[in-house]
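Chemist: Have a look at this one before I ask anything.
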Amino acid sequence: MKRILSLALICFVLAFSLAVPAFATEIDNYDSINLLDYFNPGMKYTDPGRNSVTLTFPGYLKYEYLDFVVQAPSGLSSVYQVYYGGEYELTVIPIGEHCYRIYGGIAYEGRSVEIIFVTPQSSESTQWLSFLSCFVYKAKLLRFDTEAYCEIASAEFNGTIHYIPTDEINHRIFSSTSDFQDTYFITYIWTDDWRKYDYIDFQLMYECFDITSVTAVMGSVNVPLVVSYIDGTNIDNNTFYVSMRMDVTGLDRGSADYPMIILMGRLNTGGTNSIDFANCSGYVKQAFFDPLFYYFYDLKNELRSWMNTYTNRIVDALNGNSTSGNEFKNDTSGLISDLGDITASMDSVVRPNFVGMDITAGIDISSASYLMSSFFNQVAGVPWISQIILLSGIMGLIAYILYGKE
């Protein structure tokens, strides 16, 4: 019974320890994937000229844009993306300290893509290239120009701007009262085509005294709204360019009501004011791609294959049938024997005499410790190496549970 509980605990730890850590801010970002979360595309090359590296996606992916930063001490001449039998040059911008930003917008779909780096001749015998960031953008928001309205209500002026993208007259100029108490105004902003889109952007320019509040509602329901504008300085003839994005994804599209933005403020006392409807755009969000789904799908298949291979041997060993268990033991014994041969070969090497030598002379112990710890952190940070280390420990624990007393 103790062996069964131990093996169950091992399987539980194995299933969860192999998962890639994920953060909500990364998963919720539907527009891009950081490939460094799933594999390490770092590359070492020794020859100047054309050198390639393959970027592997976590699943079959359709992407439109690449954006990554690399460090190449020997420099970069140009970078190309290879697909469908052709090469397409990407834009390379030097950042500094041998760092380069590389990007390009190319439509492609698949599980991987080959990138070719062209490097100049260098005096260095070994040249290195490493990735500092590597983002692939799956799809962009589909943008559409759309008509919209802005109704203006004040003490001495009322009117409506019907924004039409192709119309040059999308503004109103008007005067206000000389009584400051009556200089308030309200604008109601909406589009009749809101049901078509997931997000709607509005940009308006206000020449007025101040803007006091901005909100979005649909009846009694608050609508998510992101607003960007500069607060007023309380000087006459202030100008505000207000950019707003309204999120209508969670609204009832079958409702007879419609969402609108309510913007309130103060007009210039006894002076000229203007409101200019600069733009209205609707955006359609494309299908969400969750790379974790494909990662865990592959992980499930790998675990199933592993369990199918070793479950029968473990069960037979627990039931008293040592045939399958002995096969597993013989496999591990062969590996141990090979390690013994390697150890014997190392023992045959003539060792230098260190008696009387100060091996720490000229060595900064703190720097050496830092370098060693950095090295092990880098090695352990590589996903497939850390998984091999973890699996080795788990297999050793299984062997001890089954055969430790023999």
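The values are calculated or read from the model by the stated rules, or taken from the named source; none is laboratory data. Since we're looking at a predicted model, the values are computed, not measured. We place every Cβ from the backbone using ideal geometry, glycine too, and count neighbours over all the protein chains shown. Surface accessibility is based on the protein's heavy atoms, side chains included, excluding ligands, DNA and RNA. Shrake-Rupley method; radii C 1.70, N 1.55, O 1.52, S 1.80 Å.
Chemist: Taking all protein chains together and a probe of 1.4 Å, list F144, F202 from the most accessible to the least accessible. Intermediate values should be presented prior to the final figure.
Modeler: On the way: F144 95, F202 0 Å².
Ranked from most to least accessible, the order is F144, F202.
Chemist: Could you please report the charge total around Y84, scoring K, R as +1 and D, E as -1 over all other residues with beta-carbon less than 12 angstrom from its beta-carbon?
Modeler: Values: positive: none; negative: E87, E109, E114.
My count for the surroundings of Y84 gives -3.
Chemist: What FRET efficiency comes out for Y83 versus Q121 if R0 is 30 angstrom and r is the Cβ-Cβ distance? Round to the nearest 0.05.
Modeler: Working: r = 28 Å, r/R0 = 0.94.
Here the calculated transfer efficiency is 0.60.
Chemist: Amide H to amide H under 5 Å from G271: which residues, 5+ apart in sequence or cross-chain, H placed 1.01 Å off N in plane?
Modeler: Answer set, sorted by chain and number: S176.
Chemist: Let me cross-check T177: its accessible surface, 1.4 Å probe, with only protein heavy atoms counted, in Å² to the nearest 10?
Modeler: Ignoring ligands and nucleic acids, T177 comes out at about 20 Å².
Chemist: Expected output is a single nm value to one decimal: the length gained when fully extending between S228 and S392, i.e. 0.36 nm times separation in residues minus the C-alpha distance. What is it?
Modeler: Working: separation 164, 0.36 × 164 = 59.04 nm, distance 5.40 nm.
Length difference between fully extended and current span is 53.6 nm.
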